[in-house]
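Each remark here refers to the structure printed beneath this line.
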Amino acid sequence: MFGAIAIAFLLSPFLVNTLGDTKYGIWSIVAALTGYMTLLDLGVSSAVAKYVSKYKALNDYKSINVVVSSAVAIMLSVGAVLIVASPFIANLVVNTFKITPELKDTVHTLVIIGAIDVAIFVSSGVLFGAFYGFQRNEITNAAILFAALIKAVVFYFALTSGYSLLAMGVISLVANLLAALLLAFLMKKTEPEVELTVKHADKSTVVSIFHYSKFTFLTMLGMQLIYYSDAFVIGFFLSAAAITIYTIPWSLSEYSNKLIFAVAQTFVPVFSEQEATKDKALYSTYITGTKALLIISNLLCIGMLTLGDNFVGIWMGPKYAVECSVILSIMFFTQLIKSPQLLSYSILLGTSNHQKFSTYNMLFSVANLILSILLIQKFGLVGVAVATSFTQIVFYAVITPILTSRVVNFSLPQYFKDTYLRILPASILLYAMLTYIAKFHPPNGYLDLIGMALIAAVIYMVVVYFTTLDNDERQFGKSAVGKMIAKVRK
């Protein structure tokens, strides 16, 4: 995931400068639309991960094949419907947004290509879910990185050769198709007992999948409303060029969110196994996982809150550092609050207790959309950012901890004492160090920025080691570092 984010980070300035604000804004609109289309996964991949991890713990491959076959049948049907509907979706997009006449045909074709791309995505989601269930995250990450590398390299050569948006759409589609084929091949190699067919599909299993996935789908819908509706609102009320100004800080925030979410997701099958085997370590795993997310998210978010303007200035140019400053701060303050609670969603998913979370998440997402529409008309881009921030902070700082404590049955004061309070000294020190750097020694380039950030991060991690981790976690950390050093030496 870090590799995919690094590639996107390096590619973004090139895309903005090559395409220009308007075309990059259009690319962002189509990306937001395809993001919505991924809702057609319907939460099935998460259901596959849940049931595969459960039956893996019981060594029941017959049931695993029934789940996989049923999911494949569902997703192939969904993909076929999406492809048939794609021309109608394309007409709707072209007639809704403020797109210049000379680009309307391009956008129409690009949306159809994007729909085919999403059909491939939702079908391969069964494979992603299965690998998550088997806890083979290195395989799914390899496929993500493989696709990201292909896109980055071919995007560069295509755009420098004079091609534009349509070529990017085709490249993205082909890269994702190759990644899906790679996953299918690796499934056969690593789990030969798993059959990727529809012959074991079972009606009762389909019902069970939808019973679990309907609430996951509701959460996905809520998340998509939050993360992708902003582009639609801005495109409707302002312009495609304005989307670019918003997308730069949004993309940085989204990279951080994806990284934290990827870490949190690895706990879903762990929680599922612990529940299936009645493991009493469920709460201690939750505490350790929350600490891990706090350590990572605080490092990223405090870093961007203090050095974000310097970073954007070096990354995109001084113009964007000024225009994006306020939005960047709002977004990363929101991420600071939200990120650790993504593990709460993982434990609710792993224990099949995510129904209320999904319902509340959807309600707050609708509230976010309404607030965005109201505030953009008076405050512009900042209004959209504030609307998103307000609803997310209330949901993740108040609602989510309460829901999780009731399901897992723990004391909220004890939970915050075991996690947030323990990392507070390290976080305050990190903020002080980076604020001093930003004020008195602002970095002039990537080397300066990376060097200063690394020094601060090392000091932060030393303090974390002594103030945040317990004895077992310290021993685990030492063991993990020792194994890494041994591998490097070999």
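FYI, it's all coordinate maths here, none of it is from the lab. Every value quoted in this text rests on a predicted model; they were computed, and no experiment measured them. Neighbour counts are summed over all protein chains in view; Cβ atoms, including those assigned to glycine, are modelled from backbone coordinates with ideal geometry.
Some points to look at:
- Cross-link pairs LYS258/LYS478; LYS56/LYS280; LYS189/LYS483; LYS23/LYS104 - those with Cα-Cα distance over 21 Å: LYS258/LYS478; LYS189/LYS483
- The residues neighbouring SER365, those whose beta-carbon lies less than 15 Å from its own, together hold a net charge of +1 under the Lys/Arg +1, Asp/Glu -1 convention.
- For segment 173-218, the residue among PHE217, ALA179, THR190 whose Cα projects farthest onto the positive side of the dipole built from Cβ charges is PHE217.
- Quarter of Cα convex hull surface for segment 147-188, i.e. mean projection, nm²: 2.6 nm²
- D_trans [Stokes-Einstein, Kirkwood Rh over alpha-carbon pairs] for segment 412-490, 20 °C, 1.002 mPa s, µm² s⁻¹: 146 µm²/s
- The ellipsoid equivalent to the alpha-carbon distribution of segment 165-268 has semi-axes of 34, 20, 16 angstrom, derived from the gyration tensor eigenvalues as √(5λ) and listed largest first.
- Rh by Kirkwood over Cα pairs, then Stokes-Einstein D for the chain at 1.306 mPa s and 10 °C, µm²/s: 67 µm²/s
- Using Cβ point charges alone (K and R +1, D and E -1), the dipole size of the chain about the Cα centre works out to roughly 740 debye.
- Computed [θ] at 222 nm, deg cm²/dmol, the chain (DSSP H ≥ 4; -39,500 (n - 2.57); rounded to nearest 500): -29500 deg cm²/dmol
- When peptides 257-270, 10-23 are ranked by their average number of other Cβ atoms within 10 Å per residue, the highest-first order is 257-270, 10-23.
- The lysines within cross-link reach of LYS439, meaning a Cα-to-Cα straight distance under 26 Å and a gap of 8 or more places when in the same chain, are LYS319.
- Centroid-to-centroid separation of segment 159-208 and segment 237-251 [C-alpha atoms, Å]: 31 Å
- Set of lysines with alpha-carbon distance to LYS378 below 22 Å, sequence-local pairs under 8 removed: LYS98
- Ordering of 68-76, 164-172 by burial proxy (mean other Cβ atoms within 10 Å per residue, highest first): 68-76, 164-172
- Pair-distance profile P(r), taking every C-alpha pair of segment 63-183, with 5 angstrom steps and integer %: 2, 11, 17, 18, 17, 15, 10, 6, 3, 1, 0
- Calculated FRET efficiency for the pair LEU10/LYS280, C-beta based, R₀ 56 Å, to 0.05: 0.80
- Among 110-117, 393-400, the order from most to least packed when residues are scored by Cβ within 10 Å on average: 110-117, 393-400
- Between amide H atoms placed 1.01 Å from N, distances below 5 Å from ASP202 occur with SER70, all of them 5 or more places distant or on a separate chain.
- Volume per residue that the Cα convex hull of segment 390-431 spans, once the total is divided by residue count, Å³: 73 Å³
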